[in-house]
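What follows draws every value from the coordinates through simple rules; no lab data is involved. Treat the numbers as computed from the prediction; the structure is a model and nothing was measured. Note: ideal-geometry Cβ built from the backbone for every residue, glycine included; neighbour counts use all protein chains shown.
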Amino acid sequence: TSYHKVLEENRLLYNEVQDLKGAIRVYCRVRPFLPGQSNGQSTVDYIGENGDMMIINPLKHGKDARRVFSFDKVFGTTVTQEQIYADTQPLIRSVLDGYNVCIFAYGQTGSGKTYTMSGPDLTTEETWGVNYRALGDLFHISKERSDSIKYEVFVQMIEIYNEQVRDLLVSDGSNRRYPLSNIRNNSQMNGINVPDAFLVPVTCTQDVLDLMRIGQKNRAVGATALNERSSRSHSVLTVHVRGRELVSNSILRGCLHLVDLAGSERVDKSEAVGERLKEAQHINRSLSALGDVISALAQKSPHIPYRNSKLTQVLQDSLGGHAKTLMFVHINPELNAFGETISTLKFAERVSSIELGAAQSNK
Ligand code: ADP
């Protein structure tokens, strides 16, 4: 019987680990060398089928020269936007089933975060990023289900810059705006820290594209250059879904947060002064707070430190519990990015590592 007991314990542990794996997923994407860039040697030496990758530094020797990392999936330089989305799609469906989902893009500036989330060019559908494909699917699936569930969809867009939250749809040029409390009930408002950010109802992908353009314009206000600003702030596009089941009249609610994070590069303290230093410190702090929250969730820690940053406060109801999280970490394969690549992968390893040993010692 002790044999069976061990088997049973192992099965429970296994299920628990599977559960965690299901709730937090980390995908790594390596961007190709860009045209005009020296086509030097890539620091990504090897990508395995099972989510393993090897990083090398040809200028070093010994144990510092190579490291192996392991994630849920690793996408190489030839993987298309369509293939990237194919592995994301199941999460989108679950939003319509009433789950909260967060999709993050993490990486140093220039590593491909915007490429993954938005794509390089909105005019060609082939290169559309996760955002547009997800929205297209949300509307498509909700229409497919329209015989049994009537869905309403609302969009919210905020930016977090220097720990300040800004509503990017405040001046969307229309009056079709609602406070969040209109579509959430009171218990669901707990833990939402931008209760007064405006939601705009939308009925098709084009509506959302229009709003995103407005949000981008509002984001640029006051920034020296949009590119600089967008690399130093987090942008959160949230799609709230409310469905009413026609037979039972019961209501389900889900939301999808699409988060383009600020560039993760470490700023040289000796060089950054004034505003730049302040920005850098805010970014570092909020990215490590995010890492702390996700790894505490993965370890099933009794205390989840949501309150350490605006970002984790804003997303609190969508991180943990029954929520699902997907993080795309981005790698620039150039040799001069080696240091950032290693620190990006270490961050990713920290948020994804669910070791059997760790789960066991928590019991
Ligand atoms: P980030 O948002 O991390 O600062 P970008 O998404 O702007 O980085 O990417 C930097 C540059 O690399 C852009 O010119 C982008 O078009 C290009 N790029 C990024 N990822 C890919 C990719 N997978 N395939 C082709 N070009 C890419």
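Taking θ as phi - 60° and the Karplus parameters 6.51, -1.76 and 1.60, the scalar couplings of the stretch 243-254 work out to x, 10, 6, 5, 6, 8, 6, 7, 10, 10, 10, x Hz in sequence order, x denoting glycine and proline. Distances between placed amide hydrogens fall under 5 Å for GLY107 paired with SER264, HIS330, all partners being 5 or more residues away or on another chain.
Report note on the peptides 88-100, 151-163: ranked by the mean count of other C-beta atoms within 10 Å, highest first, their order is 151-163, 88-100. Per-peptide packing, taken as the mean over residues of other Cβ atoms within 10 Å, places 258-265, 71-78 in the sequence 258-265, 71-78 from highest down.
With both labels modelled 7 Å from their Cα along Cα-to-Cβ, the LYS300 to LYS217 distance reads 5.1 nm.
Peptide packing: for 279-292, 317-330, the average count of neighbouring Cβ atoms within 10 Å per residue gives the ranking 317-330, 279-292, highest mean first. Can you list residues from other chains, or at least 5 along the same chain, whose modelled amide H is less than 5 Å from the amide H of GLY51? Amide H neighbours of GLY51: VAL74. Cβ crowding within 10 Å ranks ILE84, ILE294, ILE331 as ILE84, ILE294, ILE331, fewest other Cβ atoms first. The radius of gyration of the Cα set in the stretch 99-174, together with its Dmax, comes out at 15.5, 46 angstrom. Full extension of the chain between LEU209 and SER343 yields a length gain of 44.9 nm, computed as 0.36 nm times the residue separation minus the alpha carbon distance.
Couplings for the stretch 210-215, taken from phi via the Karplus curve 6.51 cos²θ - 1.76 cosθ + 1.60 with θ = phi - 60°, read 4, 5, 5, 5, 5, x Hz in order; Gly and Pro are left as x.
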